[in-house]
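One structure is given below, encoded as structure tokens.
The values are calculated or read from the model by the stated rules, or taken from the named source; none is laboratory data. Since we're looking at a predicted model, the values are computed, not measured. With ideal geometry, Cβ positions are generated from the backbone for all residues, glycine too; neighbour counts draw on all protein chains shown. Side chains included, ligands, DNA and RNA excluded: accessible areas come from the protein's heavy atoms. Shrake-Rupley method; radii C 1.70, N 1.55, O 1.52, S 1.80 Å.
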Amino acid sequence: MKHLFKRTLILLFALLLLTPAAVQASSDAPENGVVPCEYLVPAEAQSYTEQLLDGDLSTTLTLYRNENLTLMPPENNPATGLFLAFYELPDNYEIRFLDETGRTIKRVYNESVTNMHEWIPFEPGAAKAVLWTTGRSLILSECHLCTDAFVLPFPDTDAHADVLVILNEPGDELTLLGGLLYQLAGEHRLSVQVVYLTKADGFHTQQCLEVLREMGITRLPLLGKGRQVSGRYENAVYNAIASRSELLRRFTYQIRALKPSVVITLDPTPDQERYADGILSEIVCTAASYAGDASHYPDAEAFTPDKVYTLAKDGSTVIDMNAPLYAYDGATADALADALYFRYREERVFRRDMPDTVRFDLVESSVGEDTAHND
């Protein structure tokens with residue numbers, strides 16, 4: 001009995017010696033790139049901090065006006081960045097990096113947020129990072145410090161994109177384009193940037209991000225803050241989304257920055273279910289011509305896309321969604337998109353059936369006309 005007791009004490013002592021080393025190792029070199037840190041938030045939100053690390057984008061922590069979240073890194077801080085994932089697009093947010101005395105050594109302020117995810121370099125020498133909103137609220141799905149080993153949910157951060165797709169609202173990537181993005185991004189491995197002009201609620205937006213990732217999109221979509229309008233008046237559309245001049249400027253700069261070979265946008269005809277689509281399509285096409293003309297917005301380098309396509313009910317370029325995709329073991333884009341759409345049905349997006357073919361008009365081309373009319 002004595003020997004058993006002695007062996008037990010020795011074993012416990014060995015475990016006590018090993019435990020700090022294991023904790024220190026996980027802090028210095030986290031396997032998934034996430035750095036353990038201490039969170040300080042208002043008392044009523046403290047129990048929700050664990051949801052910022054659970055990898056589930058549907059679990060959230062909410063900061064209200066002038067509330068803040070402080071991240072306290074470990075003593076030997078290996079973090080190179082701060083990762084934020086918003087549940088829905090915020091009005092604005094601010095981050096301050098403080099030294100040990102509480103002095104601000106760097107301030108990051110974002111008042112025109114278009115990204116659902118942000119990776120912000122962690123300021124060297126900072127003892128803590130403080131995040132807060134001056135807007136109505138800030139709803140976070142994920143928030144943590146990370147090293148360079150952390151893999152972003154949308155890892156393609158290159159300046160260039162092969163294809164720029166400009167749509168009205170989350171859900172259009174399926175209801176208007178069917179399985180096209182499966183073909184472009186998943187099958188052909190093209191870099192595709194999707195832009196939405198109007199916003200959706202948080203759950204719908206999170207579903208959209210899941211759908212895009214499933215379709216092979218590796219670039220984070222850009223979201224606008226516009227709202228949908230039911231009226232068929234041009235001024236109402238501009239009031240709900242942005243002025244014509246602002247939209248022209250925005251699209252022109254996006255095309256010049258991304259340098260896409262192909263631009264795809266909405267149907268320009270006014271007699272369709274969603275009147276705003278025709279207005280937005282016309283502006284995108286105008287912006288594509290502006291992008292190649294140095295006299296417009298001369299502070300950015302001019303760039304002309306190879307082709308600009310608009311969706312068209314009777315378009316001459318027809319994409320067949322029933323061709324087998326080798327990247328998906330021979331499944332068709334139509335079948336894949338139809339199955340994926342059930343995620344949106346939970347969100348009650350019933351606007352129309354999935355298209356099994358998608359038609360386009362080629363409205364601008366600097367490389368000649370389409371010949372095969374099928375790609």
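Residues are listed down the side, and each one gets a yes or a no for (1) open to solvent by 50 Å² or more (accessible area, probe 1.4 Å); (2) in contact with a His (Cβ under 9 Å, 6 or more places away or on another chain); (3) not basic (Lys, Arg):
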position	(1), (2), (3)
226	no, no, yes
234	yes, no, yes
237	no, no, yes
256	no, no, no
286	no, no, yes
300	no, no, yes
Conditions: (1) farther than 23 Å from residue 205 by Cβ; (2) in contact with a helix residue (DSSP H, G or I) (Cβ under 7 Å, 6 or more places away or on another chain). Residue 289 meets all but one. Number of the miss? (2)
What number of residues in region 270-284 are closer than 16 Å to residue 314 by Cβ and open to solvent by 60 Å² or more (accessible area, probe 1.4 Å)? 2
Could you tell me whether any residue of region 311-318 is touching a strand residue (DSSP E or B) at 6+ places or on another chain (Cβ under 9 Å), open to solvent by 30 Å² or more (accessible area, probe 1.4 Å), part of a strand (DSSP E or B) and of a type in the set (A, V, I, L, M, F, W, C)? yes
Identify, from the list 207, 193, the residue that is touching a residue at least 12 places away in the same chain (Cβ under 8 Å), within 21 Å of residue 319 (Cβ to Cβ) and in contact with a Lys or Arg (Cβ under 6 Å, 6 or more places away or on another chain). 193
What pairs come up if the first residue lies in region 219-234 and is over 26 Å from residue 152 (Cβ atoms), the second is open to solvent by 40 Å² or more (accessible area, probe 1.4 Å) and at pLDDT 90 or above, and their beta carbons are under 6 Å apart, counting only those six or more places apart or on different chains? 232/275
Here are the criteria: (1) in contact (Cβ under 8 Å) with a residue 24 or more places away in the chain; (2) open to solvent by 50 Å² or more (accessible area, probe 1.4 Å); (3) not in a loop (DSSP other than H, G, I, E, B). Tell me which single one residue 82 does not satisfy. (2)
Quick check: anything in region 100-112 touching a Gly at 6+ places or on another chain (Cβ under 9 Å) and modelled with pLDDT of 95 or more? yes
Kindly indicate whether residue 180 is buried (at least 22 other Cβ atoms within 10 Å of the Cβ), modelled with pLDDT of 90 or more and of a type outside the set (Ser, Thr, Tyr). yes
Which residues, taken from region 239-296, are part of a helix (DSSP H, G or I) and among the hydroxyl-bearing types (Ser, Thr, Tyr)? 245, 252, 253, 275, 281, 286, 289, 290
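Kindly check whether there is at least one residue in region 332-342 that is aliphatic (A, V, I, L, M) and either within 15 Å of residue 164 (Cα to Cα) or part of a loop (DSSP other than H, G, I, E, B) (or both).
No, region 332-342 contains no residue that is aliphatic (A, V, I, L, M) and either within 15 Å of residue 164 (Cα to Cα) or part of a loop (DSSP other than H, G, I, E, B) (or both).
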Which one of these does residue 155 not meet: (1) open to solvent by less than 60 Å² (accessible area, probe 1.4 Å); (2) in a loop (DSSP other than H, G, I, E, B)? (1)
Restricted to region 351-375 and to residues being part of a loop (DSSP other than H, G, I, E, B) and hydrophobic (A, V, I, L, M, F, W, C), the residue least open to solvent (accessible area, probe 1.4 Å) is 354
